[in-house]
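Student: Next up is a structure, given as structure tokens.
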Amino acid sequence: MKENYRKERIARSIKARSDDIYALTSYREMWYLLFPRVIPIIGIALVAYFLPLYWKKVIITTCIFAMLAVSWDFLSNCGLLSLGQALFFGIGSYAAGSLDHYLHLPVYVTIPVATIMGGFISTIILLPVVRLRGIYFAMVTLILPLMLMRLIEATKILGGTEGITGLSPFPNVWVEITLILAAMWASLFGLRRFIASDYGLIFVSMRDNDRATMASGINIYAFKAQSLFIGSSICAFCGAFMTHSYQFTGMPVFAMEFSILPIAAASIGGIGTLAGPLVGAMILVPLSEILREFGTLRIVFYGLILVVCVVALPEGIFHYASRKYNEMERWVKIE
Amino acid sequence: MIVYSMLIYGLINSAILALMALGFNLAFGISGVANFAYGAIYIVGGFITWTLISTLNIPYAISAISAIIIMGVFGALIYKFIIKRIRGLVMSEVIATFGISIVLLELLRYVGLIGFKYSLPVFIEGSVEILGAFVDIQRLLIIGLMVLIIIALYLFTHYTKTGLAFRGIAQEEHTSLSLGINPDRIASLSMGIGSALGTFAAIVILPLGTITVDSGYDVLISALSVCIVGGLGSTFGVIIASFIIGYAQTITAMYLAPHWTMLVSLLAILIILAVKPSGLLGHQKELEERV
Amino acid sequence: MALLEVQGITKAFGGVKALDDVSVRVEENTLLGIIGPNGSGKTTLVNTITGFVRPDTGSVLFKGKDVIGLPPYRITNMGIGRAFQMVKPFFHLPAFKNIIVPLSSPRVRASSGGRFGDKDAVALDVLEEVGFERDSSVPYKAASVLPHGYLKRLELARLLALKSEIFILDELFSGLSIAEVTSIIPIIEKILLDGKTVIMVEHRLKELFRIANKVIVLNYGKKIKEGLPKEILEDEEVKKAYLGVEV
Ligand SMILES: Nc1ncnc2c1ncn2[C@@H]1O[C@H](COP(=O)(O)OP(=O)(O)OP(=O)(O)O)[C@@H](O)[C@H]1O
Ligand SMILES: [Mg+2]
């Protein structure tokens, strides 16, 4: 008779583990928890600070996309499927650019103001859509950035097709790197903590079932607006940051790439974990830098990732890795 | 004078929009799948027709029909091999079809789909004078074909067995299941017909310009805009929205400037979202689905 | 004045008249049963009362205030809670976290003086009331792996957490074994003892008739009968509507 085996999974348990209190009993356990958090932080910081300038810029771009991906995942966790991170990104970028160009405000004012302003404008524009369910939000967010591009092209406002150049740069590249790294880790760990809190729970519940959230007496539109504001503010920050990093803002900030790459990163990394999309971006962006000579074929590659990951590998890297890390597996015979 | 040509050109423009949107809307109304690869299918369909005509020297009519069939089958296959596995997960459906769209369009861009040689011939050369305005025959054909397609769709959904099954699934999936209608078959068929309609629209409309990758995205945007304004899944709503946006665009182009036309849809979307988010005749009421 | 007064509700979906001029009064601290064949409009009636569907005509007065047109969360916060026929838990969340969401609603916040204790503990208390064993692992399991019986209890727990005044239970018993139903009935009786009002939509007539104070019968969207359980049992018209269904 053929012998059948099945895989048994056992959680590597830490003795007393509740929601946010860990009763650690040994250094080993402490390391077990800290290792996956500390190593990436140190690793990326080392790479960012010590590699030559070209790769510093790549790391910066990577962090920007990682934040866009984390924000995308946060929105999708709240039941809002965005196909247009470029919208939020672009609004933030133009906001920072205009504040600098027209009002001559310094960098440390434009970035925070553009972040809030970007979040605010995006939320106002999309507020009517969050009342509708399903794909409406996806459709509208896909359309709007492309249309805003046309708007700028046609009306020639905000620099028209030329964009706004000669914006003020960061004082130096060290400030730039420190800022983006801090922002990225803050948004990742901040959001992860947020959605695990009692208040954040309401946001996640909307993805599972917004009818039931409503039948729990929660005004889901207010909460969707809040999640929209949080998600789009993060993107707006990225836009504002990029504007000063390149000292330029213009129509390309609404480009599809800013919408597609974050989704591809999230699909590869694992949707729903916030950390997964960051991992995905850390892989995809440097990779696409290496593949630069293939030109637009890179975008084909992102598209393929979307289809393949979503259909065939919905788990994603992060889920897989955390399963391997947190659980022991062994084959046991089926009697 | 100007008013007449505005009337005529507005009608043509509306017909173009309606043709572009009908396929997307049909597939969505029946299968519930928003096919974000629709714009790509439109362009690929046009490109296949062009290839058949220009490189294989196959007659126009045969090329066109082959392209429509190929893309129809392609749409059905997308459902069968991709959507079916992720059915019901709206997020996955959207991401997957969007991914397909990107793969197709950017692949075409990579192989170098750019330039004037990529254009389809018109069906009948020449133009006629109507009320003092000169109009290409091709443009008049577009109006006629749109009317024809709408009548055909109506007859199909009201008088054929498959069409009735379509409407059954769209209205009452569970009851239809118990009547022995296979929803997967119907859904893949509707995706196929939607894609075929998209290709048909491409073959009719593309002779007015050249086949470009970016117009793939534009077609998707136009289709989505019309559907948002008209109300997703409502054929009648889509037709009305096409006329509103179509005329508004024509008027804008005549009295302002052509490059303002895209803003008309933007404005229409923003207004409808503020006033009646589910669209003019939207089935998808804000709350009223089954709970 | 009755606690809840439904007056002349009509609702058509396309050509289907799901509700046709339905009126009913629900007195405080009673149990109203709503019965009727499949598709007779019972769930639609529940949906109108709770704001998920807007009727074409008619009004729903709760403590004398018309609630038609209010969004569902406002109605919930006024004290009308409903359990869904198709269970709707938050699948990704553990069972007790499911209860945190209603515990965060304005209604509960107001009743606890704007302050919360430890919400987890309250949630576990509520779950215990509906039969989740506190010391087992069940309340901590993700809702996606819970068996059907527990999901039904979770629906009930949500209403308890909300401290609802009216509990609308849409086919709470469907898909449950007799043993499970017998274990839930005392919970409902306790809710009544606490002075709350219950509306039950049911196909399990035997169990319903044992606890109901009043029953209304819907057929094709029309209210064809209203009365005490035993009057309903003997009614010819009801029997005809239920032909083939054992009463
Ligand atoms: N959102 C909707 N859109 C269209 N038709 C609907 C909708 N909701 C209900 N209906 C229709 O209204 C009628 C009444 O449905 P309802 O769900 O209220 O019946 P019910 O009495 O709850 O049935 P069951 O015992 O099967 O739960 C049915 O014919 C149904 O198809
Ligand atoms: Mg029902």
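The values are calculated or read from the model by the stated rules, or taken from the named source; none is laboratory data. Bear in mind that the values here come from a model prediction, so they are computed numbers and not experimental data. Note that we place each Cβ from the backbone using ideal geometry, even for glycine, and neighbour counts take in every protein chain shown. Side chains are part of the model used for accessible areas, which takes the heavy atoms of the whole protein and leaves out ligands, DNA and RNA. Shrake-Rupley method; radii C 1.70, N 1.55, O 1.52, S 1.80 Å.
Student: Using a ≥ b ≥ c from the Cα gyration tensor of chain A (square roots of the eigenvalues), is it rounded, prolate or oblate, where a/c under 1.5 gives rounded and otherwise the larger of a/b and b/c decides, a/b for prolate?
Tutor: Details: a/c = 1.73, a/b = 1.48, b/c = 1.17.
Judged from the Cα gyration tensor, chain A comes out prolate (a/c at least 1.5, a/b above b/c).
Student: Taking only Cα atoms and a 10 Å spring cutoff, compute GNM fluctuations for chain C and point out the largest among C:SER174, C:SER59, C:SER136.
Tutor: C:SER136
Student: Solvent-accessible area of B:LEU177, probe 1.4 Å, all protein chains present, reported in Å² to the nearest ten, please.
Tutor: 80
Student: Next question, about the same structure. With all protein chains present and a 1.4 Å probe, how do C:SER183, B:SER178, B:SER222, B:SER195 order by accessible area, largest first?
Tutor: On the way: C:SER183 50, B:SER178 90, B:SER222 25, B:SER195 0 Å².
The ranking, largest first, comes out as B:SER178, C:SER183, B:SER222, B:SER195.
Student: Only helices at least 27 Å long along their axis, Cα-based, and averaging -0.5 or more on Kyte-Doolittle count here, so list those DSSP H runs from chain A. List each step's numbers first, then the result.
Tutor: Values: long enough: A:27-50 (31 Å, 1.17); A:53-77 (36 Å, 1.04); A:107-126 (28 Å, 1.94); A:135-155 (30 Å, 1.74); A:173-196 (35 Å, 1.48); A:220-246 (39 Å, 0.91).
Length and hydropathy pass: A:27-50, A:53-77, A:107-126, A:135-155, A:173-196, A:220-246.
Student: I'd like to check one number: the per residue accessible area of the protein assembly as shown, probe 1.4 Å, reported in Å² as a whole number.
Tutor: Details: 37020 Å² over 873 residues.
Here the residues of the protein assembly as shown average 42 Å² of exposed surface.
Student: Continuing with this model, one more query. Go through region B:49-64 residue by residue and turn each phi into a ³J(HN,Hα) via Karplus (6.51, -1.76, 1.60, θ = phi - 60°); whole Hz please, and just put x for glycine and proline.
Tutor: 4, 4, 4, 4, 6, 7, 9, 9, 6, 7, x, 3, 4, 5, 4, 4
Student: Please report the carbon-and-sulfur percent of the accessible area for chain C; probe 1.4 Å, protein heavy atoms only, DNA, RNA and ligands left out.
Tutor: Values: 5600 of 10480 Å².
In chain C, the share of accessible area belonging to carbon and sulfur is 53 percent.
Student: Which one of B:ILE211, B:ILE272, B:ILE43 has the biggest mean-square fluctuation once chain B is modelled by GNM with Cα springs under 10 Å?
Tutor: B:ILE272
Student: Let me ask something additional. Give B:LYS80/C:LYS42; C:LYS17/C:LYS239; A:LYS333/B:LYS80 a once-over and call out the pairs whose C-alpha atoms are over 29 Å from each other. All intermediate terms of the calculation are to be shown ahead of the outcome.
Tutor: Numbers: B:LYS80/C:LYS42 37 Å; C:LYS17/C:LYS239 22 Å; A:LYS333/B:LYS80 36 Å.
As for pairs spanning more than 29 Å Cα to Cα, those are B:LYS80/C:LYS42; A:LYS333/B:LYS80.
Student: Another question, if that's okay. Averaged over its residues, how many other protein chain Cβ atoms are within 10 Å of peptide B:253-259's Cβ atoms?
Tutor: 1
Student: Across the residues of B:26-34, average count of Cβ atoms on other protein chains within 10 Å? Before the final figure, lay out each step's value.
Tutor: Values: counts 0, 0, 1, 0, 0, 0, 2, 1, 5.
Mean shielding count: 1.
Student: Would you mind checking the pairs C:LYS11/C:LYS196; C:LYS65/C:LYS222; C:LYS88/C:LYS190; C:LYS97/C:LYS152 and listing those with alpha carbons more than 18 angstrom apart? The partial results should precede the final answer.
Tutor: Details: C:LYS11/C:LYS196 28 Å; C:LYS65/C:LYS222 24 Å; C:LYS88/C:LYS190 24 Å; C:LYS97/C:LYS152 16 Å.
C:LYS11/C:LYS196; C:LYS65/C:LYS222; C:LYS88/C:LYS190, as the Cα separations exceed 18 Å there.
Student: Hey, another quick one. For chain A, what's the relative contact order in percent, using C-alpha pairs closer than 8 Å and at least 6 residues apart?
Tutor: Relative contact order for chain A comes out at 33 percent.
Student: If each DSSP helix of 4+ residues adds -39,500 (n - 2.57) and the sum is divided by the residues in the protein assembly as shown, what number results at 222 nm, nearest 500 deg cm²/dmol? Before the final figure, lay out each step's value.
Tutor: Values: 34 runs with 530 residues, N = 873.
Roughly -20000 deg cm²/dmol at 222 nm, from the helical runs in the protein assembly as shown.
Student: Please work out the Cα center distance from region A:265-327 to region C:191-212, rounded to the nearest Å.
Tutor: 52
Student: Averaged over its residues, how many other protein chain Cβ atoms are within 10 Å of peptide A:140-149's Cβ atoms? It would help to have the intermediate numbers written out before the result.
Tutor: Working: counts 7, 0, 7, 10, 4, 0, 7, 9, 2, 1.
So the per-residue partner count for this stretch is 5.
Student: A further question follows. Could you derive backbone 3J(HN,Hα) for region B:68-74 from the dihedral phi with the Karplus parameters 6.51, -1.76 and 1.60 (θ = phi - 60°), listing whole Hz in sequence and x where the residue is Gly or Pro?
Tutor: My calculation for region B:68-74 gives 4, 5, 4, 5, x, 4, 4 Hz in order.
Student: Now a separate question. Specify whether the C-alpha gyration tensor of the protein assembly as shown places it in the rounded, prolate or oblate class, a ≥ b ≥ c being the square roots of the eigenvalues: rounded for a/c under 1.5, otherwise prolate if a/b is larger than b/c and oblate if not. Don't skip to the end; give the middle numbers.
Tutor: Working: a/c = 1.81, a/b = 1.22, b/c = 1.48.
It comes out oblate by the Cα gyration axes.
Student: Roughly speaking, what is the centre-to-centre gap between region B:7-34 and region C:33-69 when only Cα atoms are used, to the nearest Å?
Tutor: The two parts, judged by their Cα centres, are 37 Å apart.
Student: Excluding same-chain residues fewer than 8 positions from B:LYS161, which aspartates and glutamates have a Cα within less than 19 Å of its Cα?
Tutor: Answer for B:LYS161, where 19 Å is the Cα cut-off: B:GLU172, B:GLU173, B:ASP184, listed by chain and number.
Student: Still on this structure, I have one more. Taking the highest mean first, how do the peptides C:152-164, A:295-307 order by number of other beta carbon atoms within 10 angstrom per residue? Write out the running numbers ahead of the final one.
Tutor: Details: C:152-164: 25.3, A:295-307: 19.9.
My ranking of the peptides, most packed first, is C:152-164, A:295-307.
Student: Separation of region A:113-140 and region B:135-209 by C-alpha centroid, Å?
Tutor: When both Cα centres are located, 33 Å separates them.
Student: Could you grab the relative contact order for region C:25-117? Cα pairs under 8 Å, six or more apart, rounded to a whole percent.
Tutor: On the way: 52 pairs, mean separation 16.0, N = 93.
Computed value for region C:25-117: 17 percent relative contact order.
Student: Starting from the Cα of C:LYS63, draw a straight line to each of the aspartates and glutamates and keep only those under 12 Å, dropping any in the same chain fewer than 8 residues away.
Tutor: C:GLU5, C:GLU27, C:GLU28, C:GLU165
Student: Nearest 100 Å² is fine: how much accessible area is buried between C and A, summed over both sides, with a 1.4 Å probe?
Tutor: Values: alone 11590 and 17320 Å², together 27030 Å².
Summed over both sides, the interface buries about 1900 Å².
Student: Using the Cα gyration tensor of region A:97-156, with a ≥ b ≥ c the square roots of its eigenvalues, what is the shape: rounded (a/c below 1.5), prolate (a/b larger than b/c) or oblate (neither)?
Tutor: Details: a/c = 3.69, a/b = 1.65, b/c = 2.24.
The shape class here is oblate.
Student: Could you size up the charge dipole of region B:2-290 around its Cα centre, putting +1 on the beta carbon of Lys and Arg and -1 on that of Asp and Glu, and report it in debye to the nearest 20? Mind showing how you got there, number by number?
Tutor: Working: 13 positive and 13 negative charges, 101 e Å.
Dipole about the Cα centre, nearest 20: 480 debye.
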